[in-house]
Amino acid sequence: MSLSIRFWGTRGSLPSTLDHSHVQRKVAQALKMANGRNFKNDEEILSFIKEQLPFSVRGTYGTNTPCVSISKNENAPLLLDGGSGLRDAGLIKRDFKEQHMLLSHLHWDHIQGIPFYRYLYESDFHLIVHSCHPEAEMALREQMSAPFFPVNFDNVKAKVSIEIHKEQEPFDAGGFSVVAAKQVHPGDSYCHKIMADGLSVVYSTDAGCLDPKQNVSECPDVFIGADVLIYDAMLSEEEALNTKVDWGHSCSIAAIELAASANVKNLVLIHHDSICTDKELDERYADALIYAENARKLGAWDKNVLQSIVMSYDGLELKV
Ligand SMILES: [Zn+2]
Ligand SMILES: [Zn+2]
């Protein structure tokens, strides 16, 4: 049995920009790297693009704020957060009538896609939202009320239920077994461990770590042995250590150290800074891989630990 994880939105705080100047720079860089090559056919062009060009030139990390879905069998995908990526999740054809969503917290970048979820305007749909914040219903109602939004929360055609949970108390969400744990973040945020068919995925965004290299003892129990840890890496190491130490976010070095200390098998970095260009994110990813490689050479980890480190992007699909 396997799980499919789809990333609909991977940027943090605010949807990010990808305007004509960014695209022009990508095209210019691609032409420069292709200079002097003689392509015989489209196939050769495509393999050059896929194999020779850096991700930031041939693609983009995307622009949407956090939304991830996890699917197994024919069950409806379990939604993790409702950032602007949720709009895209609603563009696919729906073959289910009921769906569950886990909210990490109520900051705008994690709920702003909900009013734009197409299925909310279909009468045969039921969305069940799970949150550890007692004020979740108030937040969802307020963002769908005048003068913020033209459609009132009570006037959507679908049924919307909101269930409030306590951390560390397991619950079921659409056939997935879930447990939440509190994180360091302004106003609190919660990570979720999602289990099904003997596999576990931990979604942990908007999570602060005071000292990226030393404070691994704060690793939540729910991280231990996870098949996949999706973790906040919004900050640079300098920001995490100094200038943005109390922002409730983390960096890739902290993510790697936490994941390794918890014997996590695969790490996925998310909540990329909305101000970072694709090239800057490529550089951050390269630095993270070098850090991990050096730690591995020093024999810091067992070989089953951190088998992969992935930089998520809008549209990424992973199989576990
Ligand atoms: Zn956020
Ligand atoms: Zn937040």
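The values are calculated or read from the model by the stated rules, or taken from the named source; none is laboratory data. Here the structure is a predicted model, which is why all the values come from computation and not from measurement. Note: ideal-geometry Cβ built from the backbone for every residue, glycine included; neighbour counts use all protein chains shown. In case anyone asks, the SASA skips ligands and DNA or RNA and just uses the protein heavy atoms, side chains included. Shrake-Rupley method; radii C 1.70, N 1.55, O 1.52, S 1.80 Å.
Determine whether ASP197 is within 27 Å of TRP301 (Cβ to Cβ), in contact with a strand residue (DSSP E or B) (Cβ under 9 Å, 6 or more places away or on another chain) and surrounded by fewer than 23 Cβ atoms within 10 Å (Cβ to Cβ). Steps first, please.
Numbers: within 27 Å of TRP301 (Cβ to Cβ): yes; in contact with a strand residue (DSSP E or B) (Cβ under 9 Å, 6 or more places away or on another chain): no; surrounded by fewer than 23 Cβ atoms within 10 Å (Cβ to Cβ): yes.
So ASP197 fails the test.
So, in segment 223-250, of the ones that are surrounded by fewer than 17 Cβ atoms within 10 Å (Cβ to Cβ) and among the polar types (S, T, N, Q), which residue ends up farthest from THR277 (Cα to Cα)?
By that ranking, first place goes to ASN242.
Those residues that are open to solvent by less than 40 Å² (accessible area, probe 1.4 Å), within 16 Å of ligand 1 (Cβ to nearest atom) and either of a type in the set (A, V, I, L, M, F, W, C) or in a helix (DSSP H, G or I) (or both), I need them from segment 1-37; list them, please.
PHE7, TRP8
Determine whether segment 253-271 contains at least one residue that is within 16 Å of ligand 1 (Cβ to nearest atom) and among the hydroxyl-bearing types (Ser, Thr, Tyr).
Within segment 253-271, not a single residue is within 16 Å of ligand 1 (Cβ to nearest atom) and among the hydroxyl-bearing types (Ser, Thr, Tyr).
If you go through segment 139-146 one residue at a time, do you hit one that is open to solvent by 50 Å² or more (accessible area, probe 1.4 Å), out of contact with any strand residue (DSSP E or B) (no Cβ under 8 Å at 6 or more places or on another chain) and among the small types (Gly, Ala, Ser)?
Kept after step one, since they are open to solvent by 50 Å² or more (accessible area, probe 1.4 Å), are these residues of segment 139-146: 141-142, 146.
Right, trim to out of contact with any strand residue (DSSP E or B) (no Cβ under 8 Å at 6 or more places or on another chain) and you get 141-142, 146.
After this cut, where a residue has to be among the small types (Gly, Ala, Ser) as well, the list is 146.
Yes.
What residue, among those in segment 229-252 that are assigned to a loop (DSSP other than H, G, I, E, B) and away from ligand 2 (no atom under 15 Å from the Cβ), is modelled with the lowest pLDDT?
VAL245
I'd like to verify a number: residues in segment 175-192 that are away from ligand 2 (no atom under 16 Å from the Cβ) and crowded, with 24+ Cβ neighbours inside 10 Å, how many?
0
Determine if segment 157-167 includes at least one residue that is among the polar types (S, T, N, Q), within 16 Å of ligand 2 (Cβ to nearest atom), touching a strand residue (DSSP E or B) at 6+ places or on another chain (Cβ under 8 Å) and not in a loop (DSSP other than H, G, I, E, B).
Our first condition is that a residue be among the polar types (S, T, N, Q); within segment 157-167, this holds for 161.
Right, trim to within 16 Å of ligand 2 (Cβ to nearest atom) and you get none.
The answer is no; no qualifying residue exists.
Does segment 162-174 hold any residues that are in contact (Cβ under 8 Å) with a residue 24 or more places away in the chain and either more than 16 Å from LEU127 (Cα to Cα) or surrounded by 15 or more Cβ atoms within 10 Å (Cβ to Cβ) (or both), and which are they? First the steps, then the outcome.
Taking segment 162-174 as the starting set, the residues that turn out to be in contact (Cβ under 8 Å) with a residue 24 or more places away in the chain are 162-167, 171, 173-174.
Correct list: ILE162, HIS165, LYS166, GLU167, PHE171, ALA173, GLY174.
With at pLDDT below 90, closer than 23 Å to VAL179 by Cα and either open to solvent by 20 Å² or more (accessible area, probe 1.4 Å) or of a type outside the set (Ser, Thr, Tyr) (or both) as the only criterion, which of GLU257, GLU218 stands out? Step through it out loud before you land on a result.
On the way: GLU257 fails: at pLDDT below 90.
Sole residue among the options that is at pLDDT below 90, closer than 23 Å to VAL179 by Cα and either open to solvent by 20 Å² or more (accessible area, probe 1.4 Å) or of a type outside the set (Ser, Thr, Tyr) (or both): GLU218.
Just to check your reading of the model, which residue among SER131, SER123 is under 16 Å from SER161 (Cβ atoms), polar (S, T, N, Q) and open to solvent by 20 Å² or more (accessible area, probe 1.4 Å)? Spell out how you get there, then give the answer.
Details: SER131 fails: open to solvent by 20 Å² or more (accessible area, probe 1.4 Å).
Answer to the selection: SER123.
Do we have any residue at all in segment 290-304 that's under 20 Å from the mean Cα position of the chain (by Cα), over 21 Å from HIS110 (Cα atoms) and open to solvent by less than 70 Å² (accessible area, probe 1.4 Å)? Explain how you work it out, then say what you get.
Taking segment 290-304 and keeping what is under 20 Å from the mean Cα position of the chain (by Cα), we get none.
No, segment 290-304 has no match at all.
Among the hydrophobic types (A, V, I, L, M, F, W, C), in contact with a Phe, Trp or Tyr (Cβ under 7 Å, 6 or more places away or on another chain) and open to solvent by 20 Å² or more (accessible area, probe 1.4 Å): does that describe ILE45?
So ILE45 passes the test.
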